[in-house]
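Scroll down for the structure; my scribbles are underneath it.
The values are calculated or read from the model by the stated rules, or taken from the named source; none is laboratory data. Please read these numbers as outputs of a predicted model, since none were measured by experiment. Cβ placement follows ideal geometry from the backbone for every residue including glycine, while neighbour counts extend to all protein chains displayed.
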Amino acid sequence: MGLEMLEDITFFAHVHWHRYNGGVLFPIEIGIAEVLPKNVPEDRRRTLLVTVKNAGRRRTRGDLRTNMFISHEFSNLPHNYSGKYELDEAERKVVDFVRGATVAVKGLEQRKYFEGLGLYVLEIKSEVVQDCPKFEDLPDEVRRPKSTRRFHHLEHRRKDDEKCSQIRALRYAKFVEML
């Protein structure tokens, strides 16, 4: 496996989650961005962002502390954020959007989650690009231009959208296109 796998990648995906019930991961925001073939204009790129309702989930004090940290450091979503879709509906939207294509992710927890949806997943760092950079170390070319209104949703308009799942997926999709 390696760089020859790049041509198989159609989407890049990222999920933010919170912890409930004593540490069980639960998705709160799922972002997917298409990896564009050469010579396809940027305005043709397909993206998806779904947010998941978490109302009624039991949180321990440890979960609350962890979610506050995750919200501050990784997602910029409030620690008590509840999204738009029920979990099964959100995951159905993801599966329908991808429609059997190969999805790249970064991180083993990300891989496990998307494989659990029945998707064909490549973990980019271990299977494709061993020196894949961290999000904050991605080249400037994938960070510019800043995201447009097309990629905003209400919660991230209040804060920096750099941590949005969709923006993360979009930037990594652009990184894959550069390889």
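List of remarks:
- Whichever residue in the stretch 142-166 is farther than 16 Å from V103 by Cα and at pLDDT 80 or above and, among such residues, is nearest to the chain's Cα centre (by Cα): C164
- Yes/no for V15 being within 20 Å of Q110 (Cβ to Cβ) and touching a Pro at 6+ places or on another chain (Cβ under 6 Å): yes
- Residue that is more than 23 Å from M5 (Cβ to Cβ), part of a loop (DSSP other than H, G, I, E, B), out of contact with any Phe, Trp or Tyr (no Cβ under 7 Å at 6 or more places or on another chain) and at pLDDT 80 or above, where the choices are G118, G83, G100: G83
- Test result for N54, outside any helix (DSSP H, G or I), among the polar types (S, T, N, Q) and either more than 18 Å from the chain's Cα centre (by Cα) or farther than 15 Å from L25 by Cα (or both): no
- Test for L49: is it surrounded by 14 or more Cβ atoms within 10 Å (Cβ to Cβ), part of a loop (DSSP other than H, G, I, E, B) and not basic (K, R): no
- When E73, E89 are screened for being more than 24 Å from F11 (Cα to Cα) and among the acidic types (D, E), only E73 passes.
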